[in-house]
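The values are calculated or read from the model by the stated rules, or taken from the named source; none is laboratory data. Everything numeric here is computed off the predicted structure, so don't read it as measured data. Ideal geometry is used to build each Cβ from the backbone, glycine not excepted, and the neighbour counts take in all protein chains shown. Ligands, DNA and RNA are stripped out before the accessible areas are found, and what is left, the full protein with its side chains, is counted by its heavy atoms. Shrake-Rupley method; radii C 1.70, N 1.55, O 1.52, S 1.80 Å.
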Amino acid sequence: MECHWEIYKRFGILHRDISTNNILLTGSGSRIKGMLIDFDHAFCESDKNSVRRFKRTGTLPFMSVNNLESKIKMHTVLDNWESLLYILCWLGTYG
């Protein structure tokens, strides 16, 4: 979650496809770090020349309610946070 927030805060990048397949865990012992990968669907809010896409993106079990309900709503940082919450629930249930 910290990684996602730093990428958004520093560079204005929305990942738009946060899922268990796009998080790598590294480390040893009690020191484990996560790495967010696969920025194929990412959008840079700070780039004034980039065109905002309104199509649905994401991995179905981890998509936000906002994304599931409408194709025309813009993806926001809150949608990414909601995806992260679903990942925590998924990992707590399925490991």
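Within this structure, H4 fails the test of being of a type outside the set (V, I, T), surrounded by 14 or more Cβ atoms within 10 Å (Cβ to Cβ), within 10 Å of the chain's Cα centre (by Cα) and modelled with pLDDT of 90 or more.
Selection of first residues in the range 1-27 that are on the phi > 0 side of the Ramachandran plot and of second residues that are among the acidic types (D, E) and open to solvent by 20 Å² or more (accessible area, probe 1.4 Å), restricted to Cβ pairs under 7 Å at least 6 apart or on distinct chains, gives the following pairs, ordered by first then second residue: G12/E45.
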